[in-house]
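Below is one structure; the comments refer to it alone.
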Amino acid sequence: MSIKYLTQRAAQAIDVELMSPTGGGFSFEQLVELAGFSVAQAITKEFSKDKYGRVVVFSGPGNNGLDGMVAARHLHHFGYQPKVYYPKRPDKPACKNIMRQCTELDIPFVDTPEDGLYESDLVVDAIFGFSFKGEVRQPFDTAIKALEKTRLPIVSVDIPSAWDVEKGNLSTPGIQPTMLVSLTAPKEGAKDFQGPFHYLGGRFISKKMEKKWELNLPPFPGTDQCVKLNESPISTGAKVDHPEKKQGDVAKKMDQHFMDNVVSQAFA
């Protein structure tokens with residue numbers, strides 16, 4: 001059975017459960033570290049350091065941006081030469097710590113998208129993740145336009161930036177990545193991905209949680225933190241021929257989990 005696409009609410013609900021003391025028990029920093037490491041490892045599978053050694057990471061202000069910076073740090077240790085474009089830097093400990101880790105390795109931070117793309121071989125798009133909604137504002141609209149025009153191969157983290165998380169690419173031309181590294185499970189919008197390399201990263205879902213949400217994740221090979229996807233995922237809201245209509249039940253469970261654990265906490 002194929003793995004599933006996740007709706008935005010489903011992805012948020014699973015994140016809540018992963019970080020719940022009675023759920024996965026992970027800290028936020030652990031998930032960022034595992035996600036970023038899996039992105040870096042996926043890159044090594046398809047883009048050798050000899051040909052694509054100069055990597056620029058475009059990091060946004062949210063969790064996706066932190067995943068990108070962690071990937072940059074690991075790529076440095078893997079023998080690549082990363083640099084980071086990070087124009088909006090939240091005043092949060094996790095952000096400051098990861099930036100410090102990169103600075104300690106002499107990973108440069110560039111001031112403009114053009115500085116990042118100059119003399120680079122590969123781009124990591126870590127601007128917006130699955131929580132993205134609304135219009136793209138400065139300085140990220142400039143960054144998105146630069147990525148739309150570049151001829152360099154692009155690796156998008158979780159979902160191509162500025163794509164609708166559930167409806168996919170709604171703009172013209174939109175970012176067209178060569179590789180997509182989905183985290184936890186692919187999102188609905190990934191159905192629009194046409195690139196040759198689709199990987200699943202973030203090896204942090206337990207068998208218990210996988211069974212609960214019926215994620216149908218593929219096995220990760222050996223000690224790898226990523227796995228190449230060869231099958232098209234199933235939507236969490238898709239109709240399937242099953243006497244109990246489990247797919248719809250799972251989608252409803254995920255939405256209810258979101259309302260109970262995300263929305264209720266936000267307004268508590």
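Values quoted throughout were computed directly from the atomic coordinates according to the rules given, and no laboratory measurement underlies them. Bear in mind that the values here come from a model prediction, so they are computed numbers and not experimental data. Ideal geometry is used to build each Cβ from the backbone, glycine not excepted, and the neighbour counts take in all protein chains shown.
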- line: Tilt, helix 246-258 to longest principal axis of the chain (alpha-carbon atoms), in degrees rounded to tens, equals 60
statement: Taking Cα pairs closer than 8 Å and at least 6 residues apart, the relative contact order of segment 99-241 in percent is 16
query: Once fully extended, how much extra length lies between residue 2 and residue 114, figured as 0.36 nm per residue of separation less the alpha-carbon to alpha-carbon distance?
result: 36.3 nm
- prompt: Once you sort the root eigenvalues of the Cα gyration tensor of segment 152-198 as a ≥ b ≥ c, which label holds: rounded (a/c under 1.5), prolate (a/b larger than b/c) or oblate (the other case)?
  reply: oblate
- prompt: Against the longest alpha carbon principal axis of the chain, how many degrees, from 0 to 90 and to the nearest 10, is the axis of helix 28-46 turned?
  reply: 70
query: DSSP loop trypsin sites (Lys or Arg not before Pro) in segment 142-202 with at most 16 other Cβ atoms within 10 Å of their Cβ, which ones?
result: 151, 167
- prompt: Which of rounded, prolate, oblate describes segment 90-134, given a ≥ b ≥ c as roots of the alpha-carbon gyration tensor eigenvalues and a/c under 1.5 marking rounded, otherwise prolate only if a/b is larger than b/c?
  reply: oblate
query: What order do you get for 60-69, 215-224, 111-120 when each peptide is scored by the mean count of other beta carbon atoms within 10 Å, highest first?
result: 60-69, 111-120, 215-224
- request: Mind giving me the nanometre distance, one decimal, between the label points for residue 170 and residue 224, set 7 Å out from Cα along Cα→Cβ?
  value: 3.4
- line: Within segment 92-132, the residues whose backbone N lies under 13 Å from a label point placed 7 Å from the Cα of residue 81 along the Cα-to-Cβ direction are 107-108, 118-122
query: Under the rule of -39500 (n - 2.57) per DSSP H run of 4 or more residues, summed and divided by the residues of the chain, what mean residue ellipticity at 222 nm is obtained, to the nearest 500 deg cm²/dmol?
result: -10500 deg cm²/dmol
- prompt: Tell me, what is the percent relative contact order of the chain, built from C-alpha pairs under 8 Å that lie six or more residues apart?
  reply: 24
- request: May I have the convex hull volume per residue, in Å³, for the Cα set of segment 73-207?
  value: 138
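Quick one: if the Förster radius is 30 Å, what FRET efficiency do residue 138 and residue 194 give, using the C-beta to C-beta distance and rounding to 0.05? It would help to have the intermediate numbers written out before the result.
Working: r = 29 Å, r/R0 = 0.95.
Once rounded, the FRET efficiency stands at 0.60.
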query: How would you order 103-110, 176-183 from highest to lowest mean count of nearby Cβ atoms within 10 Å?
result: 176-183, 103-110
